[in-house]
Amino acid sequence: MKVKSLFMAAAVTAAGLASLVTSPAAFAQAKEQFYPLLVYRTGPYAPNGTPWANGKQDYIKMINARDGGINGVKLTYEECETGYATDKGVECYERLKGKNGGATVFDPQSTGITFALTDKAPIDKIPLITLGYGLSAAQDGMIFKWNFPLMGSYWTGADILVQHIAKTAGGYDKLKGKKIALVYHDSPFGKEPIPELQERSKMHSFDLQLIPVAAPGVDQKAAWLQVRQSRPDYVMLWGWGVMNSTALKEAQATGYPREKMYGVWWAGAEPDVKDVGMGAKGYNALALNTAGTHPKVMQDILKYVHGKDAGTGPKDEVGSVLYTRGVIIQMLSIEATRRAQERFGKGKVMTGEQVRWGFENLALDQKKLDSLGFAGVMRPLSTSCADHMGSTWARIETWDGAKWNVQPTWYEADEQIIKPMVKAAAEKYAAEKKWTRRTAADCQS
Amino acid sequence: MLYRENGQFKTSYRADQQIFPILQDRIAIALVLVLAFVVVPFVASEYLMRAILIPFLILSLAAIGLNILVGYCGQISLGTGAFMAVGAYAAYNFQVRIDGMPLIASLLLGGVCATVVGVVFGIPSLRIKGLYLAVATLAAQFFVDWAFLRISWLTNDSSSGSVSAAGLQVLGLQIQSPASKYLFCLVFVTVFALLAKNLVRGAIGREWMAMRDMDVAAAVIGIRPVYAKLTAFAVSSFIVGVAGALWGFVHLSTWEPAAFNLNRSFDLLFMVIIGGLGSIMGSFFGAAFIVVLPIVLDNMPYWFGIPIDTALAAHLTSMIFGALIVFFLVVEPHGLARLWSIGKEKLRLWPFPH
């Protein structure tokens, strides 16, 4: 009996493996554009990863329901749970990249996974979109042909925070001698902004203090003890997931003024402050996008997706900060596909390589954004062969205890600082990987 | 009926001491090797190779290394992830700092560095045993995590703290395609598995096992505990270090210390315990169980076309996986390797059991 059941288990496993061996046959498919979705709905980062994932999926559903796809090409998707772990992310990538006629674009939702996929994408010819995260050096499209850190990187974010702090302090000269502490997630994600901040600290001679928090960041007592001892004038919070709300609670316990705390755009969403509520009042964060259900795109999602009970997540999540970001990421992926169709044939299924061209030639001006229903949600952006970011503008938002209020001033990262850094880092990366700089001719392809 | 050693007479000690004394076993192993080396690279899909076979092979290697320490020498270690990390980062440093360093040499030197670290953290084993030792090796894990996060020299001053290896080649051959990566790992695993098997069959393996079974008695019959324990740490860390280097270079190609965190150590310990303590074969079973099973479970809903929520699927995977671990430990506490040998025993009598 026991042996029998073991044989059964072995047989089932073998059958499963056999279906892995047979490569996915290239069916003559109905016209379908496949978007693989790397997500995490479990683990310490799930509170933030889930709305993001839901935003991506809902936008695909909405486009299918409202427009019937892109010029008649239906959109399909499949999710894979990465749990924010790099090796699992690589497995998911391998699993989804060849499915359903080939992946269009990957949004890894994690800096660590992005790093690992950056090597694989050029071989598989699939673009990576890393909106506001990933490798900062990837802005240089002449070296990072397949990476698209659209709308900002950690360097531009850090730069904008310094600009804003200088502004509130009353000018860059006032920063001299001030202490700014960076409380960061001890991973590539948290470490990325450090070179930029060091550059700035040299320029304005402020004192940069680096305080790491071990991932996932549920235990921050030591970090906040350091904050308490050194009493920095400002604290920058470079956290993700459960680390953010913990940091705010610790700040409250330590008595560090929340008004002096500035988070990156990954530390400025509802799940980060909701539990802390009034305790987080006055806390600031970078804002890549607005929140709210008033934009037309959110109304459409409510109407075409949630109105038909097809919503991925709960209805009241629509329009939250990270949900909106997920929607933007999916919109950019779809617009890149649409742009590619304009060149390679309308109503056709685009390959990853063609969509890459679309990403490189995105031109979303205000008019276009308005027609897409994104009026006021984000700034216009236009990419080029050399610039894979498209826009570095961001604002600051402040939590008032119940909602995020976006301040009106837009900041743009200082090109004078970022550009040489990007160039140097990209060159170093290329030298290590033995990549060569793209030629002008390559930009046409 | 087919699996029976009747009529296979051994006329020399050599013949009696072979790894596989039964002819049928030798044929089976030869077939498995032919399958792995010749057939698999041609028929396996890219996904199967990259996402399943390569991690399986590398973690099998690491499990063999850990099995030498835990299964054969009886020293519990929770620092396996750390030794893997040392191997990976050391190999990386040899690769970037010395121009024209051959890949295999840097992987092996990575193993050598892991050996040194392993022996250093093995020294407490001379005084403490069992759970206390486990806690001491846990220190290795924390120390190594700290070192690779904090000492920027070790990561070649990479601003993000993550390092990457690219353009792998051996003797002018590119290790780029999934098949070549798979074969590269397979060669390493085969060679090291053979070496490990021979080590544990030899004098030193007997010393380890004597140490495991009762260290006082072993010392009385003339086995030096210092030598036996530290060689176990050395050999184990070397193999684990090479596995770590392969994990970084071949599987991930870009990694950060989180790739070798405490979870990795636990996973490897589970592999060894579930696969079978003190069994090279068991290391492969354990690795297959821990690496392949969650992926199979994860994919199950898609194969059967059941639409299921991603989060629910992930939770179900963990639940079923956990239940299966408990099930196997209850059914056979000595691991899958023991089930395997029971199966072989039964097969010998089949179809006429007494």
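The values are calculated or read from the model by the stated rules, or taken from the named source; none is laboratory data. Note that this is a predicted model, so its numbers are computed, not measured. All Cβ positions, even for glycine, are placed from backbone atoms using ideal geometry, and neighbour counts span all protein chains on display.
How many of the residues in the range A:55-76 are at positive phi and surrounded by fewer than 20 Cβ atoms within 10 Å (Cβ to Cβ)?
Within the range A:55-76, the first condition is being at positive phi, and the residues that meet it are A:68-69, A:71-72.
Applying the additional criterion that residues be surrounded by fewer than 20 Cβ atoms within 10 Å (Cβ to Cβ) yields A:68, A:71-72.
Counting residues in the range A:55-76 that are at positive phi and surrounded by fewer than 20 Cβ atoms within 10 Å (Cβ to Cβ) gives 3.
Counting only residues that are assigned to a helix (DSSP H, G or I) and free of Cβ contacts under 8 Å to residues at least 60 places away in the same chain, how many does the range B:290-306 have?
First, the residues of the range B:290-306 that are assigned to a helix (DSSP H, G or I): B:290-303.
Checking which are free of Cβ contacts under 8 Å to residues at least 60 places away in the same chain leaves us with B:293-294, B:296-303.
The number of residues fulfilling the criteria is 10.
Residues checked against (1) free of Cβ contacts under 8 Å to residues at least 24 places away in the same chain; (2) over 25 Å from the mean Cα position of the chain (by Cα):
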position	(1), (2)
B:Gly7	yes, yes
B:Ile19	no, no
B:Ile22	yes, yes
B:Arg26	yes, no
B:Ile29	yes, no
B:Ala36	no, no
B:Leu48	yes, no
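Just name the residue that is farthest from B:Met101 (Cα to Cα) out of those in the range B:164-179 that are within 11 Å of chain A (Cβ to nearest Cβ) and assigned to a strand (DSSP E or B).
Only one residue fits best here, namely B:Ser164.
Which of the residues spanning the range A:109-133 are among the small types (Gly, Ala, Ser) and touching a residue at least 40 places away in the same chain (Cβ under 8 Å)? If you could, list the steps in order and put the result at the bottom.
Our first condition is that a residue be among the small types (Gly, Ala, Ser); within the range A:109-133, this holds for A:110, A:112, A:116, A:121, A:132.
Across the range A:109-133, the qualifying residues are A:Ser110, A:Gly112, A:Gly132.
Hey, does the range A:370-386 have a residue that's at positive phi, in a loop (DSSP other than H, G, I, E, B) and either crowded, with 21+ Cβ neighbours inside 10 Å or in the same structural domain as A:Gly263 (by TED's automatic domain parsing) (or both)? First the steps, then the outcome.
Taking the range A:370-386 first, the residues at positive phi are A:373, A:376.
If we keep only those that are in a loop (DSSP other than H, G, I, E, B) too, we end up with A:373, A:376.
If we keep only those that are either crowded, with 21+ Cβ neighbours inside 10 Å or in the same structural domain as A:Gly263 (by TED's automatic domain parsing) (or both) too, we end up with none.
Checked against the condition, which is being at positive phi, in a loop (DSSP other than H, G, I, E, B) and either crowded, with 21+ Cβ neighbours inside 10 Å or in the same structural domain as A:Gly263 (by TED's automatic domain parsing) (or both), the range A:370-386 yields no hits at all.
Does the range B:20-35 include one or more residues that are under 26 Å from B:His251 (Cα atoms), touching a Pro at 6+ places or on another chain (Cβ under 7 Å) and not aromatic (Phe, Trp, Tyr)?
no
What do you reckon, is B:Ala114 surrounded by 24 or more Cβ atoms within 10 Å (Cβ to Cβ), part of a helix (DSSP H, G or I) and either touching a residue at least 12 places away in the same chain (Cβ under 8 Å) or acidic (Asp, Glu) (or both)? Give the derivation first.
On the way: surrounded by 24 or more Cβ atoms within 10 Å (Cβ to Cβ): yes; part of a helix (DSSP H, G or I): yes; either touching a residue at least 12 places away in the same chain (Cβ under 8 Å) or acidic (Asp, Glu) (or both): yes.
Judged against the criteria, B:Ala114 is a match.
Here is a check on your reading of the model: is B:Asn67 farther than 23 Å from B:Val189 by Cα and polar (S, T, N, Q)? Before you say what the answer is, go through the steps one by one.
Numbers: farther than 23 Å from B:Val189 by Cα: no; polar (S, T, N, Q): yes.
No; evaluated as a whole, the condition is false for this residue.
Restricting to the range B:219-249, count the residues that are closer than 27 Å to B:Phe321 by Cα and among the β-branched types (Val, Ile, Thr).
Going through the range B:219-249, the residues closer than 27 Å to B:Phe321 by Cα turn out to be B:240, B:243-244, B:246-248.
Of the ones still in play, those that are also among the β-branched types (Val, Ile, Thr) are B:240.
Number satisfying all stated conditions: 1.
Scanning for something among the polar types (S, T, N, Q), on the phi < 0 side of the Ramachandran plot and over 26 Å from the mean Cα position of the chain (by Cα), does the range A:150-169 turn up at least one residue?
Here is the first cut: in the range A:150-169, the ones among the polar types (S, T, N, Q) are A:153, A:156, A:163, A:168.
Then drop every residue that is not on the phi < 0 side of the Ramachandran plot, which leaves A:153, A:156, A:163, A:168.
Still in the list and also over 26 Å from the mean Cα position of the chain (by Cα): A:168.
Looking for residues that are among the polar types (S, T, N, Q), on the phi < 0 side of the Ramachandran plot and over 26 Å from the mean Cα position of the chain (by Cα), one finds at least one in the range A:150-169, hence yes.
Is at least one residue of the range B:320-335 of a type outside the set (A, V, I, L, M), in contact (Cβ under 8 Å) with a residue 24 or more places away in the chain and assigned to a helix (DSSP H, G or I)?
First, the residues of the range B:320-335 that are of a type outside the set (A, V, I, L, M): B:321-322, B:327-328, B:332-335.
Those left that are additionally in contact (Cβ under 8 Å) with a residue 24 or more places away in the chain: B:321, B:328, B:334-335.
If we keep only those that are assigned to a helix (DSSP H, G or I) as well, we get B:321, B:328.
Looking through the range B:320-335, at least one residue is of a type outside the set (A, V, I, L, M), in contact (Cβ under 8 Å) with a residue 24 or more places away in the chain and assigned to a helix (DSSP H, G or I).
Here is a check on your reading of the model: is A:Lys315 over 26 Å from A:Glu412 (Cβ atoms) and more than 23 Å from the chain's Cα centre (by Cα)?
On the way: over 26 Å from A:Glu412 (Cβ atoms): yes; more than 23 Å from the chain's Cα centre (by Cα): no.
Considered against the rule, which asks whether it is over 26 Å from A:Glu412 (Cβ atoms) and more than 23 Å from the chain's Cα centre (by Cα), A:Lys315 comes out as no.
With the requirement that a residue be touching a helix residue (DSSP H, G or I) at 6+ places or on another chain (Cβ under 9 Å) and more than 24 Å from A:Ser384 (Cβ to Cβ), what does the range A:315-347 give you?
A:Lys315, A:Glu317, A:Val318, A:Gly319, A:Ser320, A:Val321, A:Leu322, A:Tyr323, A:Thr324, A:Gly326, A:Val327, A:Gly347
Residues checked against (1) under 20 Å from A:Trp240 (Cβ atoms); (2) surrounded by 24 or more Cβ atoms within 10 Å (Cβ to Cβ); (3) among the charged types (D, E, K, R):
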residue	(1), (2), (3)
A:Pro47	yes, no, no
A:Ala53	yes, yes, no
A:Glu78	no, no, yes
A:Thr86	yes, yes, no
A:Glu91	no, no, yes
A:Leu96	no, no, no
A:Phe106	yes, yes, no
A:Ser110	yes, yes, no
A:Pro127	no, yes, no
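Hey, among A:Asn244, A:Asn289, which residue is farther than 29 Å from B:Arg150 by Cβ, modelled with pLDDT under 95 and buried (at least 23 other Cβ atoms within 10 Å of the Cβ)? Write out each step before concluding.
Details: A:Asn244 fails: farther than 29 Å from B:Arg150 by Cβ.
A:Asn289 is the lone residue from the list that is farther than 29 Å from B:Arg150 by Cβ, modelled with pLDDT under 95 and buried (at least 23 other Cβ atoms within 10 Å of the Cβ).
Any residue at all in the range B:317-339 that is in contact with a Ser or Thr (Cβ under 7 Å, 6 or more places away or on another chain), farther than 30 Å from B:Gly244 by Cβ, modelled with pLDDT under 90 and within 10 Å of chain A (Cβ to nearest Cβ)?
no
Take the range B:117-128 and flag every residue that is in contact (Cβ under 8 Å) with a residue 24 or more places away in the chain, over 14 Å from B:Gly241 (Cβ atoms) and either not in a helix (DSSP H, G or I) or not hydrophobic (A, V, I, L, M, F, W, C) (or both).
Here is the first cut: in the range B:117-128, the residues in contact (Cβ under 8 Å) with a residue 24 or more places away in the chain are B:117-119, B:121-123, B:125-126.
Now narrow it down to the ones that are over 14 Å from B:Gly241 (Cβ atoms): B:123, B:125-126.
Answer for the range B:117-128, where residues must be in contact (Cβ under 8 Å) with a residue 24 or more places away in the chain, over 14 Å from B:Gly241 (Cβ atoms) and either not in a helix (DSSP H, G or I) or not hydrophobic (A, V, I, L, M, F, W, C) (or both): just B:Ser125.
Which of the residues belonging to the range B:252-289 are within 9 Å of another protein chain (Cβ to nearest Cβ) and either among the hydroxyl-bearing types (Ser, Thr, Tyr) or part of a loop (DSSP other than H, G, I, E, B) (or both)?
If the condition is that a residue be within 9 Å of another protein chain (Cβ to nearest Cβ) and either among the hydroxyl-bearing types (Ser, Thr, Tyr) or part of a loop (DSSP other than H, G, I, E, B) (or both), then B:Ser253, B:Thr254, B:Glu256, B:Asn261 are the ones that fit.
Please go through the range A:412-445 and give me each residue that is of a type in the set (A, V, I, L, M) and within 25 Å of the chain's Cα centre (by Cα), ordered by number.
At the first step, the residues of the range A:412-445 found to be of a type in the set (A, V, I, L, M) are A:413, A:417-418, A:421-422, A:424-426, A:430-431, A:440-441.
Result: A:Ala413, A:Ile417, A:Ile418, A:Met421, A:Val422, A:Ala424, A:Ala425, A:Ala426, A:Ala430.
I'd like the residue in the range A:60-105 that is under 17 Å from B:Val296 (Cα atoms) and not in a helix (DSSP H, G or I) and, out of all such residues, is farthest from the other protein chains (Cβ to nearest Cβ).
The initial filter retains those residues of the range A:60-105 that are under 17 Å from B:Val296 (Cα atoms), namely A:78-83, A:87-96, A:99.
Checking the rest, the ones that are also not in a helix (DSSP H, G or I) come to A:78-83.
Details: A:Glu78: 8, A:Glu79: 4, A:Cys80: 7, A:Glu81: 4, A:Thr82: 9, A:Gly83: 7 Å.
Of everything passing the filter in the range A:60-105, A:Thr82 is farthest from the other protein chains (Cβ to nearest Cβ).
Test A:Pro232 against the stated conditions and say whether it is assigned to a loop (DSSP other than H, G, I, E, B), more than 25 Å from the chain's Cα centre (by Cα) and not aromatic (Phe, Trp, Tyr). Don't jump to the end; show me each part of the working.
On the way: assigned to a loop (DSSP other than H, G, I, E, B): yes; more than 25 Å from the chain's Cα centre (by Cα): yes; not aromatic (Phe, Trp, Tyr): yes.
Yes: the conditions hold for A:Pro232.
Residues being at the interface with another protein chain (Cβ under 9 Å from one of its Cβ atoms) and either over 21 Å from A:Thr114 (Cβ atoms) or part of a helix (DSSP H, G or I) (or both): count how many of those fall in the range B:140-163.
Residues that pass the stated criteria total 3.
Out of everything in the range B:29-61 that is among the small types (Gly, Ala, Ser) and more than 13 Å from B:Lys181 (Cβ to Cβ), what residue ends up being nearest to the other protein chains (Cβ to nearest Cβ)?
Looking only at the range B:29-61, we keep the residues that are among the small types (Gly, Ala, Ser), and these are B:30, B:36, B:44-45, B:51, B:60.
After this cut, where a residue has to be more than 13 Å from B:Lys181 (Cβ to Cβ) as well, the list is B:30, B:36, B:45, B:60.
Numbers: B:Ala30: 21, B:Ala36: 14, B:Ser45: 4, B:Ser60: 15 Å.
The qualifying residue nearest to the other protein chains (Cβ to nearest Cβ) is B:Ser45.
Any residue at all in the range A:251-265 that's assigned to a helix (DSSP H, G or I), in the same structural domain as A:Ile165 (by TED's automatic domain parsing) and within 25 Å of A:Gln139 (Cα to Cα)?
Yes, the range A:251-265 has at least one match.
Suppose we filter the range A:410-445 for residues that are within 14 Å of chain B (Cβ to nearest Cβ), touching a residue at least 24 places away in the same chain (Cβ under 8 Å) and not charged (D, E, K, R); how many remain?
Within the range A:410-445, residues that are within 14 Å of chain B (Cβ to nearest Cβ), touching a residue at least 24 places away in the same chain (Cβ under 8 Å) and not charged (D, E, K, R) number 8.
Since B:Ala166 meets every condition but one in (1) aliphatic (A, V, I, L, M); (2) more than 19 Å from B:Met84 (Cβ to Cβ); (3) free of Cβ contacts under 8 Å to residues at least 24 places away in the same chain, which condition does it not meet?
It is condition (3) that B:Ala166 fails.
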